[in-house]
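A.B. asks: Have a look at this one.
The values are calculated or read from the model by the stated rules, or taken from the named source; none is laboratory data. Nothing here was measured: the structure is a model prediction, and the numbers come from that model. We place every Cβ from the backbone using ideal geometry, glycine too, and count neighbours over all the protein chains shown. In case anyone asks, the SASA skips ligands and DNA or RNA and just uses the protein heavy atoms, side chains included. Shrake-Rupley method; radii C 1.70, N 1.55, O 1.52, S 1.80 Å.
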Amino acid sequence: MAIHQPLPAPPYDIAGLVEALGDVPVVTEPVVVRRRSRDFFWYSPILAEELKAVAGDIIVKPRNEADVVRTAAACARLRIPLTVRAGGTGNYGQAMPLAGGVLLDMTGLDQVLWQKPGIVRVQAGMNLLSLDKATRENGFELRMHPSTKRTATVGGFVAGGSGGIGSVAYGGLREPGNILAARIVTVEEEPRILELRQDAAQKVNRAYGTTGIITELEMPLAPAWPWIDVIVAFDSFWEAFEAGRAVAMADGVVKKLVTPIAAPIPSYFGALKSACPEGKSILACMIAEPFLDSFKAVLAGRGTVTHEAPSEEGPGQVPLYEYSWNHTTLQWLKTDRSITYLQLLYPHDRLEESVRLMMEMFEGEVLPHLEFIRFAGRITCSALPIVRYTTPERLNEIIALHEEHGVLVANPHVVSLEDGSRHKRADADQLGFKAEVDPMGLLNPGKMRSFVPVR
């Protein structure tokens, strides 16, 4: 496992930067800058130690794209690193400034620019819940969103790259059609504004903000449904898995979440604890209300429905999706910091075999939590299992054993794209594109380890 320490940060000309920015709002108070330099990296006991000293030097808060261009130009002229951030909901230091410098807070760019049936054009700093509310007025919603929907932004979601709630129907962000266009600003002394459409937009997907500053995104929408949160309890995890697979493969049942979770994980579920009987594994689902009876027919009497209610996202409400994906890990971490997690992708053609094998190999040490998804047109599972952490060496061994048995690991205990990738390398298109849009390597230094500045 690669060890990443904060990069050496030479003294930057922050006074010169502030002068060059003119009336662009900035924050220089060290306590505030340090707080905003952090994300949820502490999910990892390894990163919690490695990144604890990371902090930027100044926060810049652009109000519009012109402010972004002005900041990019000033950073290029003064050779000051620039790390883009917004909601700060990442889990492995994606938007933490390893080399210090500027934190570019994009949350001021938060407007819907236009929408029409099936498509929305939005500024990158817009909150995902606010965006969903705006599109629902016209009968549409986002195809997918992370479990951090209520605090994350659309630009952070794309730059972090993955999928989430909705991926059981639409796959991940990498699937064709799930990002329609991205508008970016380059980091050069004379910044350019580029429009990337269709496949070209993938150059900013899961690049941690290293391949240009995203200012706008064009995203596809789905018909908005009234969603019902459902929890079904089972005597064993395997029963929950089999029921979940049946639901995931029932193409006529409109769903957004199909999540089998092994006991004792649900015992940490706070407000939902009453719906999670002690010792039971659960299947957590979001089902479109008109298809609830069809969903229950697919269950065919398996399990016991312990919770069934409309999904609510308002103040004081905790939607079911905040117990899924990596919020599952957070629920446990709220009361016990001795655990951590992994991010896995099971092979679609050996799904049952692989899940069983990993359960047997790591019984009691790696606790299953699966997310049914579509991947390249096939149903399989991502997984974010709870790991009872002991040492970095044992964690490395667990990762290696998964990989040896054909289970892909996106390592959440490292900070670079390459080390965290399931394919252990930077995407060639993204690497080449970075040379075009960030030739000095000022964007989020340390996150694309393979990149060598070209000037």
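A.B. asks: Taking segment 133-149, which residues are of a type outside the set (S, T, Y) and crowded, with 20+ Cβ neighbours inside 10 Å?
C.D. replies: F140, E141, L142, R143, M144, H145, P146, K149
A.B. asks: Of the conditions (1) open to solvent by less than 30 Å² (accessible area, probe 1.4 Å); (2) assigned to a helix (DSSP H, G or I); (3) of a type outside the set (S, T, Y); (4) farther than 27 Å from I261 by Cα, D429 fails just one. Which one is it?
C.D. replies: It fails just one condition, (1).
A.B. asks: Within segment 357-366, take every residue that is out of contact with any helix residue (DSSP H, G or I) (no Cβ under 8 Å at 6 or more places or on another chain) and more than 12 Å from V387 (Cα to Cα) and give me the one that is least open to solvent (accessible area, probe 1.4 Å).
C.D. replies: My answer is L357.
A.B. asks: Quick one: which helices (runs of 4 or more DSSP H) lie wholly within segment 122-173 and hold at least 1 residues that are out of contact with any Ser or Thr (no Cβ under 8 Å at 6 or more places or on another chain) and within 20 Å of L384 (Cα to Cα)?
C.D. replies: 154-160, 167-170
A.B. asks: In segment 34-61, which residues are hydrophobic (A, V, I, L, M, F, W, C), under 23 Å from the mean Cα position of the chain (by Cα) and open to solvent by less than 10 Å² (accessible area, probe 1.4 Å)?
C.D. replies: Of everything in segment 34-61, those that are hydrophobic (A, V, I, L, M, F, W, C), under 23 Å from the mean Cα position of the chain (by Cα) and open to solvent by less than 10 Å² (accessible area, probe 1.4 Å) turn out to be F41, L47, L51, V54, I59.
A.B. asks: Any residue at all in segment 270-282 that's assigned to a strand (DSSP E or B) and either touching a Gly at 6+ places or on another chain (Cβ under 7 Å) or open to solvent by 40 Å² or more (accessible area, probe 1.4 Å) (or both)?
C.D. replies: no
A.B. asks: In segment 316-341, how many are out of contact with any strand residue (DSSP E or B) (no Cβ under 9 Å at 6 or more places or on another chain), closer than 18 Å to G364 by Cβ and surrounded by 18 or more Cβ atoms within 10 Å (Cβ to Cβ)?
C.D. replies: Count: 0.
A.B. asks: On to the next question. Would you check which residues across segment 167-179 are among the small types (G, A, S) and either open to solvent by 10 Å² or more (accessible area, probe 1.4 Å) or within 20 Å of L330 (Cα to Cα) (or both) and list them?
C.D. replies: Result: A169, G172, G177.
A.B. asks: Would you kindly identify the helices (runs of 4 or more DSSP H) lying entirely within segment 2-114 that contain at least 2 residues that are within 26 Å of H327 (Cβ to Cβ)?
C.D. replies: Those helices (runs of 4 or more DSSP H) span 30-36, 45-50.
A.B. asks: Could you run through segment 396-414 and say how many residues are open to solvent by less than 10 Å² (accessible area, probe 1.4 Å) and assigned to a strand (DSSP E or B)?
C.D. replies: 1
A.B. asks: Another one. Considering only segment 372-395, how many residues are out of contact with any Pro (no Cβ under 6 Å at 6 or more places or on another chain), open to solvent by 10 Å² or more (accessible area, probe 1.4 Å) and either more than 23 Å from R206 (Cα to Cα) or of a type in the set (D, E) (or both)?
C.D. replies: 6
A.B. asks: Related question: Output the residues belonging to segment 62-86 that are open to solvent by 30 Å² or more (accessible area, probe 1.4 Å) and not polar (S, T, N, Q).
C.D. replies: Once the filter is applied, which keeps residues that are open to solvent by 30 Å² or more (accessible area, probe 1.4 Å) and not polar (S, T, N, Q), segment 62-86 yields R63, E65, A66, V69, R70, R77, L78, R79, V84.
A.B. asks: So K256 clears everything in (1) out of contact with any helix residue (DSSP H, G or I) (no Cβ under 6 Å at 6 or more places or on another chain); (2) open to solvent by 20 Å² or more (accessible area, probe 1.4 Å); (3) of a type in the set (K, R) except one condition, right? Which one?
C.D. replies: So K256 meets the others, but not (2).
A.B. asks: Can you tell me which residue in segment 283-304 is surrounded by the most Cβ atoms within 10 Å (Cβ to Cβ), limited to those that are closer than 18 Å to P226 by Cβ and among the aliphatic types (A, V, I, L, M)?
C.D. replies: Of everything passing the filter in segment 283-304, A284 is surrounded by the most Cβ atoms within 10 Å (Cβ to Cβ).
A.B. asks: Further, regarding this structure: Residues that are over 24 Å from the mean Cα position of the chain (by Cα), at least 3 per element: which strands (runs of 3 or more DSSP E) completely within segment 183-256 meet that?
C.D. replies: 227-234
A.B. asks: Looking only at segment 253-266, how many residues end up being among the small types (G, A, S) and either out of contact with any Lys or Arg (no Cβ under 9 Å at 6 or more places or on another chain) or modelled with pLDDT under 95 (or both)?
C.D. replies: 1
A.B. asks: For segment 360-367, check the following and say yes or no: at least one residue is acidic (D, E) and either in contact (Cβ under 8 Å) with a residue 60 or more places away in the chain or assigned to a loop (DSSP other than H, G, I, E, B) (or both).
C.D. replies: The answer is yes; a qualifying residue exists.
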